[in-house]
Amino acid sequence: MNKFILAMVIALGWPAAAMAGFAEGATAYNAKNYAAALKEIRPLAQAGNADAEHLLGLMYYMGRGVPQDYKAALEWHRKAALKGKADAQYVVGAMYYTGNAVIQDHKQAVAWFRKAAEQGHVQAQQVLGLMYRYHMGGVPQDNVIAYMLWNLAAAGGSANAAEQRGQVMRTMTQEQIEEGQALSAAWKPNTPLPQKSRTGGG
């Protein structure tokens, strides 16, 4: 399984949704009672509940309670992503990144990762940092932006981001590190992330 998806799936906590039945469905899913989860979740997803759309997308992706179907997984995740669900935006980005059920498109991956990262989604921040570090998906090679994103993700608990930040620091000047620190300190969730730095362009 793709590591991006795996990282997102592990240890998911499902908040109680406004619509009745989601909490029961999520509890059943976490208890691996996928038939009961599907019974609760599918009607909510069909009614447009973003949490349920995302969970149903996961069920199709993993083949839990339904036949594994990546196209259906993408369809349900995209519905939730368009409503602003960060976890779903991350999955859509990962599917574009790997070309899973869609034509591989790193620019689309960057766009979806950015949407999730701007909501504070730790895995999206970590992966978007990789895109900046290695000049992928049409973003400039920019170690300062990569450092900033990994700083944010590390603060959110990502050990991978902390490791990647440590590696990129060895290639950066003190001025670049200070700019990365300042950018991460100034950024607030649900605001745009900078798309380029002053000192870090490759």
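When Met8 is tested against (1) in contact with a helix residue (DSSP H, G or I) (Cβ under 9 Å, 6 or more places away or on another chain); (2) in a helix (DSSP H, G or I); (3) modelled with pLDDT under 90; (4) over 19 Å from Leu82 (Cβ atoms), only condition (4) is not met. Count of the range 144-167 residues, restricted to those that are open to solvent by 20 Å² or more (accessible area, probe 1.4 Å) and either polar (S, T, N, Q) or part of a helix (DSSP H, G or I) (or both), is 13. Could you please let me know if Lys115 is within 28 Å of Ala161 (Cβ to Cβ), modelled with pLDDT of 95 or more and out of contact with any Phe, Trp or Tyr (no Cβ under 6 Å at 6 or more places or on another chain)? So Lys115 passes the test. Just one residue in the set Arg64, Arg133 is out of contact with any Ser or Thr (no Cβ under 7 Å at 6 or more places or on another chain) and within 30 Å of Arg170 (Cα to Cα); that residue is Arg133.
Output the residue which, of all residues in the range 121-143 that are in a helix (DSSP H, G or I) and in contact with a strand residue (DSSP E or B) (Cβ under 9 Å, 6 or more places away or on another chain), is most open to solvent (accessible area, probe 1.4 Å). Walk me through how you get there before you give the answer.
Residues of the range 121-143 in a helix (DSSP H, G or I): 122-133, 143.
From what's left, in contact with a strand residue (DSSP E or B) (Cβ under 9 Å, 6 or more places away or on another chain): 132-133, 143.
Values: Tyr132: 2, Arg133: 56, Asn143: 19 Å².
Checked the range 121-143; the qualifying residue most open to solvent (accessible area, probe 1.4 Å) is Arg133.
Of the helices (runs of 4 or more DSSP H) contained entirely in the range 12-120, those carrying at least 3 residues that are on the phi < 0 side of the Ramachandran plot and open to solvent by 50 Å² or more (accessible area, probe 1.4 Å) fall at 22-30, 34-46, 70-82, 106-117.
Among the residues of the range 168-196, the ones that are open to solvent by 40 Å² or more (accessible area, probe 1.4 Å), assigned to a loop (DSSP other than H, G, I, E, B) and at negative phi come to 9 in all.
The values are calculated or read from the model by the stated rules, or taken from the named source; none is laboratory data. Since we're looking at a predicted model, the values are computed, not measured. Virtual Cβ from ideal backbone geometry, glycine too; neighbours counted across all protein chains shown. Calculation scope for accessible area: heavy atoms of the full protein, side chains included, ligands and nucleic acids excluded. Shrake-Rupley method; radii C 1.70, N 1.55, O 1.52, S 1.80 Å.
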